[in-house]
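Visitor: My questions will all concern the structure given below.
The values are calculated or read from the model by the stated rules, or taken from the named source; none is laboratory data. From a predicted model like this one, the values you see are computed outputs, not experimental measurements. Here the Cβ positions follow ideal geometry from the backbone for every residue, glycine too, while neighbour counts run over all protein chains shown. Note: areas computed on protein heavy atoms with side chains; ligands, DNA, RNA excluded. Shrake-Rupley method; radii C 1.70, N 1.55, O 1.52, S 1.80 Å.
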Amino acid sequence: MAAASGLQPGLLSTFVGDRLLHSRLPIPHLFGYKTGGGHHVSMRFSRAFSGLTNLLFNRRIVEEVPNTKRKPLRPGKLSPRRPVPDSILKPPYVDTRQSPGISSGAEVHDEMGIECMRASGRLAAQVLQYAGTLVKPGVKTDEIDEAVHQMIIENGAYPSPLGYGGFPKSVCTSVNECICHGIPDSRELEDGDIINIDVTVYLNGYHGDTSATFFCGDVSDSARKLVQVTKECLDKAISICAPGVELKKIGKTIHDHADKHRYGVVRTFVGHGVGRVFHADPVVLHCRNNEGGRMKLNQTFTIEPMLTMGSINPVMWDDDWTVVTEDGSLSAQFEHTILITEGGAEILTQC
């Protein structure tokens, strides 16, 4: 993602990881982001992005997060990959370990496609709602993954994250300072945690993508406010969507509201078109920007702002997925898949 004054090391959908994007179009043509010197932005994370991982992570293992009594996140143990019945339709990227990246071309649907998107969005919302009820102190994030996985396959759908670019689990669970892509593991949730659960399902050939941040036990007022404002950013952004509206207004709306409350807006990760493919055009920036593009009737895409209480700079763990704030500050995220209609925008991922 990019602000008008500069760019982060990479511009990535929230489910790309440390991998090169693939597209039918050349990267520069697809994204068109340029630095002040006119050079196209590399779509692979700079190693500077993760080069500090060991230094920062190892230092934080023996310290508390600055200005809090909260312990920093540590990776836990992973359980084996969960099976999916052969009868369930799987996305084409499964088992290739190659991230397909963001495909060129907007996801614009006919009547049948819209109904399929409504069905996948509705299931994703139901799964997310159920996952949220599991958030309690002492519950392992891997237990949430197991429950989500089971609910998705029982409904004849495939958990989209499983096998995407080698991602090992069926849902993302991003706790406290984790910005996104947290891998469910043996870590138990603790009283006072906040956790983003990111659910995507592949039903009848269409993806529905949504996430929300939940409270675990007795959460501080400051954390509650961060989560509230992040949700407000998403709601305000959706409210301005309609055919012909400039996509850049999404980023301005989010950034303006975050600024009022003195929160940082993560720029490195973006929303995206979603439908028959997991990640498609358009790239949806959540910060102020000067990029072109307008919303189209019957188009579907995600809006998924990530706000922080401190640094917006991300650090990736050595698992090549988990992304945390550089200073250990809390991060929150909300996401919906929306359909652009004649009257504005329909939220597909709500119960």
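Visitor: For region 332-350, state whether one or more residues are open to solvent by 40 Å² or more (accessible area, probe 1.4 Å), in contact with a helix residue (DSSP H, G or I) (Cβ under 9 Å, 6 or more places away or on another chain) and in a loop (DSSP other than H, G, I, E, B).
Guide: Yes.
Visitor: Let me ask you something else. Within the set of pairs 6 or more residues apart or between chains, which connect a residue that is farther than 13 Å from T268 by Cα inside region 296-325 to a residue that is basic (K, R) with Cβ atoms less than 8 Å apart?
Guide: D320/R19
Visitor: Which pairs do you get when a residue that is among the hydrophobic types (A, V, I, L, M, F, W, C), found in region 109-124, comes within reach of a residue that is crowded, with 22+ Cβ neighbours inside 10 Å and part of a loop (DSSP other than H, G, I, E, B), reach meaning Cβ atoms under 7 angstrom, with the pair 6+ apart or on two chains?
Guide: Every condition considered, the pairs that remain are M117/G275; M117/L348; L123/A157; A124/T349.
Visitor: Restricting the search to region 95-131, which residues are in a loop (DSSP other than H, G, I, E, B), of a type outside the set (S, T, Y) and open to solvent by less than 20 Å² (accessible area, probe 1.4 Å)?
Guide: Residues satisfying the conditions are G101, I102, E107, H109.
Visitor: Does S329 fit the bill of being in contact (Cβ under 8 Å) with a residue 60 or more places away in the chain, surrounded by fewer than 23 Cβ atoms within 10 Å (Cβ to Cβ) and in contact with a strand residue (DSSP E or B) (Cβ under 6 Å, 6 or more places away or on another chain)?
Guide: Answer is yes for this residue.
Visitor: Confirm whether T230 is within 18 Å of the chain's Cα centre (by Cα) and either of a type in the set (D, E) or under 21 Å from L123 (Cβ atoms) (or both).
Guide: So T230 fails the test.
Visitor: Taking region 285-311, which residues are crowded, with 24+ Cβ neighbours inside 10 Å and aliphatic (A, V, I, L, M)?
Guide: Those that are crowded, with 24+ Cβ neighbours inside 10 Å and aliphatic (A, V, I, L, M): L285, I303, M306, L307.
Visitor: Anything in region 135-164 that is surrounded by fewer than 18 Cβ atoms within 10 Å (Cβ to Cβ) and in a loop (DSSP other than H, G, I, E, B)? List them, or say none.
Guide: Within region 135-164, K136, P137, G138, V139, N155, G156 meet the criteria.
Visitor: On to the next question. What number of residues within region 178-221 are part of a loop (DSSP other than H, G, I, E, B) and open to solvent by less than 10 Å² (accessible area, probe 1.4 Å)?
Guide: 7
Visitor: Might you check whether a residue that is open to solvent by 50 Å² or more (accessible area, probe 1.4 Å) and either within 17 Å of S331 (Cβ to Cβ) or touching an Asp or Glu at 6+ places or on another chain (Cβ under 9 Å) (or both) occurs anywhere in region 264-271?
Guide: No; the residues of region 264-271 include none that is open to solvent by 50 Å² or more (accessible area, probe 1.4 Å) and either within 17 Å of S331 (Cβ to Cβ) or touching an Asp or Glu at 6+ places or on another chain (Cβ under 9 Å) (or both).
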